[in-house]
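Participant: Can you keep this structure in mind? I'll have questions shortly.
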Amino acid sequence: PSFDQPTQVLQKDAPTTATLVTDRGDITIDLETTRAPKNSNSIAFLAGEGYFDNTVCHRLTTTDSLSVLQCGDPLGTGVGGPGYTVKDENLPKAGDDNYPAGTVAMAEPGGGEAGSQFFLVYRDSTLPPDYTIVGQIGEGLDIVREIAQGGEADGGDDGEPAEPVTIETVTIEQN
């Protein structure tokens with residue numbers, strides 16, 4: 001599916017939890033609705049459209065500087081997106097471990113904007129400060145670490161996870 005722009009579905013500044021219901025267990029994300037309102041809303045909008053349903057987390061990196069599980073591509077290839085992009089928000093400062101374990105950030109198809117792909121940081125990582133921090137993992141970091149423990153399918157340090165994980169659905173709850 002492709003969309004022009006996300007409809008506004010979240011109340012501004014309201015605490016919001018996104019739950020990734022996966023075949024490995026639930027991973028909850030506390031969305032940054034105050035510091036990343038547009039990206040948080042985009043995730044909630046796409047979840048409501050069933051965009052993430054039955055998608056695989058297609059990329060696992062296991063290097064010292066980058067330890068992430070990447071999801072959110074309906075094609076499962078790393079090139080899929082929703083047909084729109086959202087400008088960066090809530091960028092961290094440059095420096096060591098600027099994406100600490102538990103961070104959820106938006107992957108970027110092009111500079112300065114994100115689509116639907118996001119990554120779950122399972123070990124403190126150092127990246128250029130170019131990726132919107134859209135939330136923090138509340139529960140389920142152990143699940144992501146367990147997947148990472150299995151390594152990358154080809155035995156390298158960046159590729160498909162050897163232990164596949166499928167997002168069955170994503171639910172959104174606002175308080």
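The values are calculated or read from the model by the stated rules, or taken from the named source; none is laboratory data. Just so it is clear, the structure is predicted and the values come from calculations on it, not from any experiment. Counting neighbours? That spans all protein chains shown, and the Cβs are built from the backbone with ideal geometry, glycine included. Surface areas here come from the heavy atoms of the whole protein model, side chains and all, with no ligands, DNA or RNA. Shrake-Rupley method; radii C 1.70, N 1.55, O 1.52, S 1.80 Å.
Participant: So which residues in segment 64-74 are within 11 Å of Asp124 (Cα to Cα) and surrounded by fewer than 22 Cβ atoms within 10 Å (Cβ to Cβ)?
Facilitator: Asp64, Ser65, Leu66
Participant: Moving on. Can you tell me which residues in segment 120-136 are open to solvent by less than 10 Å² (accessible area, probe 1.4 Å) and outside any loop (DSSP other than H, G, I, E, B)?
Facilitator: Leu120, Val121, Ser125, Val134, Gly135
Participant: Step by step: first the residues of segment 147-175, then only those that are in a loop (DSSP other than H, G, I, E, B) and open to solvent by 60 Å² or more (accessible area, probe 1.4 Å), then the one that is nearest to Asp13 (Cα to Cα). Which residue is that?
Facilitator: Among residues in segment 147-175 that are in a loop (DSSP other than H, G, I, E, B) and open to solvent by 60 Å² or more (accessible area, probe 1.4 Å), the one nearest to Asp13 (Cα to Cα) is Asn175.
Participant: Additional query: Only one residue in Gly78, Gly95, Gly102 is closer than 28 Å to Gly25 by Cα, open to solvent by less than 50 Å² (accessible area, probe 1.4 Å), free of Cβ contacts under 8 Å to residues at least 40 places away in the same chain and out of contact with any helix residue (DSSP H, G or I) (no Cβ under 6 Å at 6 or more places or on another chain), so which one is that? It would help to see each step written out before you state the result.
Facilitator: On the way: Gly95 fails: closer than 28 Å to Gly25 by Cα; Gly102 fails: out of contact with any helix residue (DSSP H, G or I) (no Cβ under 6 Å at 6 or more places or on another chain).
Being closer than 28 Å to Gly25 by Cα, open to solvent by less than 50 Å² (accessible area, probe 1.4 Å), free of Cβ contacts under 8 Å to residues at least 40 places away in the same chain and out of contact with any helix residue (DSSP H, G or I) (no Cβ under 6 Å at 6 or more places or on another chain) holds for just one of Gly78, Gly95, Gly102, which is Gly78.
Participant: Any chance segment 46-60 includes a residue that's more than 24 Å from Thr7 (Cα to Cα) and surrounded by fewer than 21 Cβ atoms within 10 Å (Cβ to Cβ)?
Facilitator: So far as segment 46-60 goes, yes, one or more of its residues are more than 24 Å from Thr7 (Cα to Cα) and surrounded by fewer than 21 Cβ atoms within 10 Å (Cβ to Cβ).
Participant: What is the one condition in (1) touching an Asp or Glu at 6+ places or on another chain (Cβ under 7 Å); (2) free of Cβ contacts under 8 Å to residues at least 60 places away in the same chain; (3) within 18 Å of Gly150 (Cβ to Cβ) that Gln70 does not satisfy?
Facilitator: Failed condition: (1).
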